[in-house]
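So the structure is just underneath, and the comments pick up after that.
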Amino acid sequence: MLNYPARRGERTVSLLCYAPVLREADREDLRHAEPEVAYSLAAHRVAGHLMRIGHLGKEASAEARAAYRDDHQRAGLAGPHELPRRFTYVREHERGF
């Protein structure tokens, strides 16, 4: 069992710590790029996910419940295939296209 800090009599082990550093990206300014270049760099796929809506006083639609059930079963996920209360389901889609 590794203890930090090491207890008396235990062998010390060097640790590697990650400290993130922010830096300017080495990319051209996209405000002046050709529209199709800036457009294609922003495009990406969004995975299907749950979105909390209970705090808004809303409920998921029948379509969202059916989509969750279908995608949950198709992915072979464990647990109930029913959408949790106070959540809706956003299907996989593409953004920025």
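Descriptive notes on the structure:
- Candidate set: the range 49-85, residues that are open to solvent by less than 80 Å² (accessible area, probe 1.4 Å) and within 18 Å of the chain's Cα centre (by Cα); chosen: the one nearest to Gly96 (Cα to Cα): His49
- Top-ranked residue of the range 29-39 - restricted to ones that are modelled with pLDDT of 55 or more and open to solvent by 60 Å² or more (accessible area, probe 1.4 Å), ranked as nearest to Arg69 (Cα to Cα): Glu36
- Residue within the range 41-48 that is surrounded by 14 or more Cβ atoms within 10 Å (Cβ to Cβ), modelled with pLDDT under 95 and assigned to a loop (DSSP other than H, G, I, E, B) present: yes
The values are calculated or read from the model by the stated rules, or taken from the named source; none is laboratory data. Remember, predicted model here, so these are calculated numbers, not experimental data. Methodologically, a virtual Cβ is constructed for each residue, glycine included, from the backbone with ideal geometry; neighbour enumeration extends over all protein chains shown. Ligands, DNA and RNA are excluded from the accessible area calculation, which covers all protein heavy atoms including side chains. Shrake-Rupley method; radii C 1.70, N 1.55, O 1.52, S 1.80 Å.
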